[in-house]
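Okay, so here's the structure we're looking at.
The values are calculated or read from the model by the stated rules, or taken from the named source; none is laboratory data. Predicted, not measured: the structure shown is a model, and the values here were computed from it. Glycine also receives a Cβ, built like all others from the backbone with ideal geometry; neighbour counts cover every protein chain displayed. Surface accessibility is based on the protein's heavy atoms, side chains included, excluding ligands, DNA and RNA. Shrake-Rupley method; radii C 1.70, N 1.55, O 1.52, S 1.80 Å.
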Amino acid sequence: MAILGLLLVQPEAASAQAAGGAGQEQLYDACLNQARSAPETAYASALDWHKAGGGLPARHCAAVALLEMKAYEEAASRFEALASEVPDNRLDLRLGLIAQAAQGWLVSGRAERAEQLLSLVVGARPNDPQLLADRAVARISLENYWGAVDDLDRAIQMIPDDVEILLYRASAYRYLGVPDLARDDVTRALAVNPDAPGAWLERGVLEQMTGDTAAARRSWIKVLELAPDSTAGDAARARLEALDVSN
């Protein structure tokens, strides 16, 4: 499962105030942007900024850079530490940092910890569809497929045309052995975006399950036509290679 995109918390106003003004706010924004494009450089810059009095924003940028550098456990630990230091009157910031920590734990393979943290955040923000989807991903990793479906049902009620969330539910239904419902979600996803690589990938998996390997091959070739260098493309390529070996 692809992991949903990173929830980058950008509390510019509060961070600027804590770090000393609008100039620090601009520095914070620049650091976060650099963390995505050149995380090693951003990490070193964030350390220097922290030594110069950058405070929580500098430490947050360093943690984001670590996440981008795939140092997932260290980043998650730092996000949790930052969350514990946020004042009680900034609950929004604290929850955002906890959600980021959950993302780090999830991609590091600590799905149980991620699910625990996301449950805390969902408890405070029960109507946030993205958080529900994130927790569903953690629950799928833990093989709690019905729990994932419950979260995804709620998310889809709020954003019924979200392709990624529809595909998460399709995957959960497939793991539960309910291929008809999985196909329904894939069909809905393709109706929203006919060029969604993940939808064609999932469609091919479902076609292979029914024994229609020719249709599965066509679906996976479609993935390669749409996004050959993506995660979905890599998965489709691997499945095509496995088909060739089996034949």
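Meeting the requirement of 2 or more residues that are within 28 Å of Ile159 (Cα to Cα), at pLDDT 95 or above and among the acidic types (Asp, Glu), the helices (runs of 4 or more DSSP H) wholly within the stretch 173-247 are 179-192, 197-209.
Per the listing Ala62, Ala71, Ala46, the residue uniquely within 29 Å of Ser141 (Cβ to Cβ) and in contact with a helix residue (DSSP H, G or I) (Cβ under 7 Å, 6 or more places away or on another chain) is Ala62.
Each row is one residue, and each column tells you yes or no for (1) under 22 Å from Pro228 (Cα atoms); (2) touching a residue at least 40 places away in the same chain (Cβ under 8 Å); (3) surrounded by fewer than 17 Cβ atoms within 10 Å (Cβ to Cβ).
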position: Arg169; (1), (2), (3): no, no, no
position: Tyr173; (1), (2), (3): no, no, no
position: Gly177; (1), (2), (3): no, no, yes
position: Leu181; (1), (2), (3): no, no, yes
position: Asp184; (1), (2), (3): no, no, yes
position: Arg188; (1), (2), (3): no, no, no
position: Ala191; (1), (2), (3): yes, no, yes
position: Asp195; (1), (2), (3): yes, no, yes
position: Glu202; (1), (2), (3): yes, no, no
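Pick from Ala38, Ala52: which is open to solvent by 40 Å² or more (accessible area, probe 1.4 Å), among the aliphatic types (A, V, I, L, M) and within 21 Å of Glu25 (Cα to Cα)?
Ala52
Among what's in the stretch 204-247 and is open to solvent by 20 Å² or more (accessible area, probe 1.4 Å) and β-branched (Val, Ile, Thr), pick the residue that is nearest to Tyr175 (Cα to Cα). Result: Thr210. For Ser108, the criteria (1) open to solvent by less than 20 Å² (accessible area, probe 1.4 Å); (2) closer than 19 Å to Arg139 by Cβ; (3) of a type in the set (Gly, Ala, Ser) hold in every case but one, which is (1). Criterion first (of a type in the set (Gly, Ala, Ser) and farther than 27 Å from Leu152 by Cα) does Ala111 satisfy it? For Ala111, the condition - of a type in the set (Gly, Ala, Ser) and farther than 27 Å from Leu152 by Cα - is not met. From the list Arg90, Arg113, Arg94, Arg125, exactly one residue is modelled with pLDDT of 95 or more, open to solvent by 10 Å² or more (accessible area, probe 1.4 Å) and charged (D, E, K, R). Which is it? Within the list Arg90, Arg113, Arg94, Arg125, the selection yields Arg113. May I ask you to verify whether Leu118 is within 20 Å of Asp134 (Cα to Cα) and under 15 Å from the mean Cα position of the chain (by Cα)? The answer is yes for Leu118.
Taking the criterion of being of a type in the set (Phe, Trp, Tyr) and surrounded by fewer than 17 Cβ atoms within 10 Å (Cβ to Cβ), the only residue of the stretch 128-162 that qualifies is Trp146.
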